[in-house]
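Novice: Quick one: the structure is below, questions incoming.
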Amino acid sequence: MKPWAAAVLAFQLAACNAAVPAKLPAGDTEIGAVARDCSAPRYCGKVGFVDCGAAWDGPAYYFEKDTGKILGRCGGDCIGPVGPDGADPARDCATSCPPPAWKCSR
């Protein structure tokens, strides 16, 4: 393969794995209700991501593009004790941040 062809192929493959910006689902959806003051959403197929200050212990969310249903509560939402109902934020984050459907780089 010629060097320029390899470079073009590498660029195309990288672009395929990049999340793309778009609008947030409606305010009456699960994500729309909590993410109005967050970063602009980025989408990877049918999964969206918003950052609500995760670098400063704020949450970040992965959600379904079509329904706005939250798939993963990440960032600051991963910090905390096991709840009385047995919910374990650290365990949940290990499996849903990112969720299996997210195949892109942020």
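The values are calculated or read from the model by the stated rules, or taken from the named source; none is laboratory data. Note that the structure is a prediction, hence the values are computed from the model and not measured. Backbone-built Cβ (ideal geometry, glycine too); neighbour counts: all protein chains shown. Protein only, heavy atoms only, side chains kept; ligands, DNA and RNA dropped before computing areas. Shrake-Rupley method; radii C 1.70, N 1.55, O 1.52, S 1.80 Å.
Novice: For a quick check of your reading of the model, give me the residue pairs whose first member lies in region 61-74 and is in a loop (DSSP other than H, G, I, E, B), whose second is of a type in the set (A, V, I, L, M) and open to solvent by 60 Å² or more (accessible area, probe 1.4 Å), with beta-carbon atoms closer than 9 Å and at least 6 apart or on different chains.
Specialist: These pairs meet every condition: GLY68/ALA33.
Novice: Taking the criterion of being modelled with pLDDT of 80 or more, buried (at least 18 other Cβ atoms within 10 Å of the Cβ) and part of a loop (DSSP other than H, G, I, E, B), would at least one residue in region 76-91 satisfy it?
Specialist: For region 76-91, residues modelled with pLDDT of 80 or more, buried (at least 18 other Cβ atoms within 10 Å of the Cβ) and part of a loop (DSSP other than H, G, I, E, B): absent.
Novice: Here's a check for you: in region 25-43, which residue that is of a type outside the set (Gly, Ala, Ser) and crowded, with 21+ Cβ neighbours inside 10 Å is farthest from GLY75 (Cα to Cα)?
Specialist: PRO25
Novice: Kindly indicate whether CYS97 is touching a residue at least 12 places away in the same chain (Cβ under 8 Å), open to solvent by 20 Å² or more (accessible area, probe 1.4 Å) and not acidic (Asp, Glu).
Specialist: So CYS97 passes the test.
Novice: Sticking with this one: Report, by residue number, each residue of region 55-72 that is surrounded by 18 or more Cβ atoms within 10 Å (Cβ to Cβ) and modelled with pLDDT under 90.
Specialist: Scanning region 55-72 gives no hits.
Novice: Kindly establish whether LEU24 is part of a loop (DSSP other than H, G, I, E, B) and touching a helix residue (DSSP H, G or I) at 6+ places or on another chain (Cβ under 8 Å).
Specialist: Considered against the rule, which asks whether it is part of a loop (DSSP other than H, G, I, E, B) and touching a helix residue (DSSP H, G or I) at 6+ places or on another chain (Cβ under 8 Å), LEU24 comes out as yes.
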